[in-house]
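The block underneath contains the structure these notes are about, expressed in structure tokens.
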Amino acid sequence: MRAIEGGRTAVAVLLAVGITFGCEHVQSRSDAYQFEPAPRAVLVQAGITVSRNPKLGADWVSSPTLYLLAVLQDGEQSRLGLLTSSDGGDSFGKPVWVSEPGSEVTSAGENSPAFVATERAIYAAWNEGHRLLFARSRNWGASFEKPIAVADKTDDSFSGYPSLGVAPNGDVYAVWIDTRDRESGDEEDYAVYLARSTDGGANFGKNSRVAIRICPCCRPTLAFGPGGEVLVIWRHIYPGPIHDMTVAVSRDNGQTFTAPRRIAEDNWKIDGCPDSGPAVARSGKRIYVAWLTEARPEISGVRLSWTDDGGATWAPAVIGSQKILDANYPAFSVGDDGRAVLVFQGRDPQAKAGWSPFGVYAVEISPDGKLGIPAAVPGISSSAQRPTVAAGTGGRLYVAWTGAADKQKAVYLSRGRSGS
């Protein structure tokens, strides 16, 4: 298996153009994000010289808290740590360790840690070699309980590329890529598996296979529909080989699933692995999905679709990245007003020959499904890799990614505000 690693002063006010999905209606808006003049290597400021693969989370209900989970260099080891900010990202406290001392966290490319922060608890999942581990905090990140294994197998087959989700009733779900069913040794023997915890993450139940013949290094993900549906979404390998975004739906808490079906027929024929999985977000009854395709020039980039009926039907896909070049690695968040934000990495189309370093772009999606123009995060001096995002209250936005500080990998943070 291969995996590659890929605000006080407003610097611009962009006029956004709204595009209603599935029709030709166009409406102008002026609600693009205005970002800080320059991002900060926030963990370097906290005394951590090497960090990577960040994930953001927040709790705006219990107390205004921003969480940043990242892989940190602790001496000779890579460990998973959580840092907390109670001042909107001005500063972060010392790391609270999630993984145990003496254990090396495996994190690269798509196979990076998963993270969910709720009012009830904070959850993380990550890899140590072939093992998929999970830990929770029930004291708002002050400490984490001893990690547990998610996979219910005894062999040494691989389990990784995790995603986590918390259902409305508090059940915790994990999905991941698993190789326990490999027979021929071919990449098409990779499978997506699911496990559910009904006790808030203290234990996980019996693992169930959702599908086999999946892309071996594109992280699967999951979402919860308005009628209690559990949607699992992944990049499937169809004959060709075609690598298209696919969904299966469960209406019995993940015990059984519908037959897999394509979200969009991109018909992306590729002999390798794109190393890029889907991103999801739910706003009201709507579930958004974004993904990379390079099937044809006219649709290449980060594609976007949505369902309003728990995965039964999907809107015609559109290009969420619009004119940004080499767009990839989408991530989502939803603000308190229901507006979804899509972020991704890409290159400036105005740069000479289109070969600028990778930057980060944010696109706002209004509750009625209109896309804004991508707003660039300014001041990025080195290529930004695999952004993550947390939408705050009052139009605030927090974006983090892996960059380079003093020739070392470092987590950067930039804050924005919506113009509306």
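Values quoted throughout were computed directly from the atomic coordinates according to the rules given, and no laboratory measurement underlies them. All figures in this text were calculated on a predicted structure; none of them were measured in a lab. With ideal geometry, Cβ positions are generated from the backbone for all residues, glycine too; neighbour counts draw on all protein chains shown.
With no solvent and one equal point scatterer per Cα, compute the Debye intensity ratio I(q)/I(0) for the chain at 0.12 Å⁻¹ and report its log10, rounded to two decimals.
Log-scaled intensity ratios, in q order: -0.94.
Using a/c under 1.5 as the rounded threshold, could you call region 49-163 rounded, prolate or oblate? The axes a ≥ b ≥ c are square roots of the C-alpha gyration tensor eigenvalues, and prolate needs a/b larger than b/c, oblate otherwise.
prolate
So, counting K/R as plus one and D/E as minus one, what does the shell of residues with Cβ under 9 Å around Ala195 add up to?
Residues near Ala195 contribute +1 overall.
Report the Cα centroid-to-centroid distance between region 156-217 and region 291-360 in angstrom, as an integer.
Value for the Cα centre distance between the two parts: 26 Å.
Listing Trp60, Trp176, Trp355 from the residue with the fewest other Cβ atoms within 10 Å to the one with the most, what is the order?
Ordered from fewest to most neighbouring Cβ atoms within 10 Å, Trp60, Trp176, Trp355 come out as Trp355, Trp60, Trp176.
Taking square-rooted eigenvalues a ≥ b ≥ c of the alpha carbon gyration tensor, is region 241-361 rounded, prolate or oblate, where a/c under 1.5 means rounded and, failing that, a/b exceeding b/c means prolate?
oblate
Which lysines, on any chain, are close to Lys153 with Cα under 16 Å apart, when same-chain ones fewer than 8 places away are left out?
Here the lysines satisfying the reach criterion relative to Lys153 are Lys206.
Using the structure shown, select from Lys269/Lys370; Lys352/Lys409; Lys323/Lys352; Lys55/Lys285 the pairs with a Cα to Cα distance greater than 19 angstrom.
Lys269/Lys370; Lys352/Lys409; Lys55/Lys285
Packing-wise, with mean Cβ within 10 Å as the measure, how do 150-159, 410-419 rank, highest first?
My ranking of the peptides, most packed first, is 410-419, 150-159.
In which sequence would Glu364, Glu145, Glu128 go, from the one with the fewest C-beta neighbours within 10 Å to the one with the most?
Glu145, Glu128, Glu364
List the lysines whose Cα sits under 16 Å from the Cα of Lys407, skipping any in the same chain fewer than 8 residues away.
Answer for Lys407, where 16 Å is the Cα cut-off: none of the lysines qualify.
Could you tell me whether region 229-305 comes out rounded, prolate or oblate from its Cα gyration tensor? Rule is a ≥ b ≥ c as square roots of the eigenvalues, rounded for a/c under 1.5, then prolate if a/b exceeds b/c, otherwise oblate.
oblate
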